[in-house]
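These notes are about the structure you will find just below.
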Amino acid sequence: MTIRPQYHFRPSANGVYAWDVSKLISATATLIPFAKPLSEIAEIDEDYWFAGDPIPSVRAIAAHMDLVRASDLTYPIILCAEGRLMDGMHRIAKALMQGDITLQAVQFTITPAPDHTDVTPEQLQY
């Protein structure tokens, strides 16, 4: 599977942490997927894609909708050890739009260390 370069960002006491999503996918290869109720995914009701940015434009929303449409629900979403989302919001949006109530997920028992600390998205290679 080839995916576009992407990162999961999370604020921390040490600045912003960033995980390379392709490394997260590799690290979950041996984990067994399970059905995760969409109602238990907190990020669905948070400002996930546009947090901290100006009000999103229709163009920015449409770009995300293209990614939602192209997303493949056969790949599980990735959750950290605490159950927070690390990868898969476009798949979650697709599942919601289809009226699904669960989605396949994998969850780390120990959240991996971030690949980058105290970075901004602009500092990473895409």
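Derivation of every value follows stated rules applied to the coordinates shown; laboratory data play no part. Treat the numbers as computed from the prediction; the structure is a model and nothing was measured. Reconstructed Cβ throughout: ideal geometry from the backbone, glycine too, with neighbour counts over all protein chains shown.
Note on residue 30 and residue 98: their simple-model spin labels are 3.0 nm apart, each label 7 Å out from Cα toward Cβ.
The relative contact order of the chain, computed from alpha carbon pairs under 8 Å that lie at least 6 residues apart in sequence, is 36 percent. Are there GluC sites (Glu not before Pro) in the stretch 30-126 that DSSP marks as loop and that have at most 12 other Cβ atoms within 10 Å, and which are they? Answer by residue number: 46, 82.
Taking other Cβ atoms within 10 Å as a rough exposure proxy, 65, 89 sort from fewest to most as 65, 89.
Along the stretch 68-78 the Karplus relation, 6.51 cos²θ - 1.76 cosθ + 1.60 evaluated at θ = phi - 60°, assigns HN-Hα couplings of 4, 4, 7, 5, 10, 6, 6, 8, x, 6, 10 Hz to successive residues, with x for each Gly and Pro. Note on residue 13 and residue 50: the model spin-label points, each 7 Å out from Cα along the C-beta direction, lie 3.3 nm apart. Scanning residues 5 or more positions from residue 86 or on other chains, those with amide H under 5 Å from its amide H are 78, 79, 80, with H placed 1.01 Å from N in the peptide plane. Note on 78, 44, 55: ascending count of other Cβ atoms within 10 Å places them as 55, 44, 78, the fewest first. Counting only DSSP H runs of at least 4 residues, each contributing -39500 (n - 2.57), and dividing by the residue count of the chain, the helix-based mean residue ellipticity at 222 nm comes to -7000 deg cm²/dmol.
Of the beta bridges in the chain, as assigned by DSSP with both residues counted there, near 80 percent are antiparallel.
For residue 119, the residues whose modelled amide H falls within less than 5 Å of its own, excluding neighbours fewer than 5 places apart on the same chain, are 16.
Around the amide H of residue 103, modelled in the peptide plane, lie the amide H atoms of 36, 38, all under 5 Å away and 5 or more residues distant in sequence or on another chain.
With a Förster radius of 41 Å applied to the beta-carbon distance between residue 117 and residue 58, the computed FRET efficiency rounds to 0.75.
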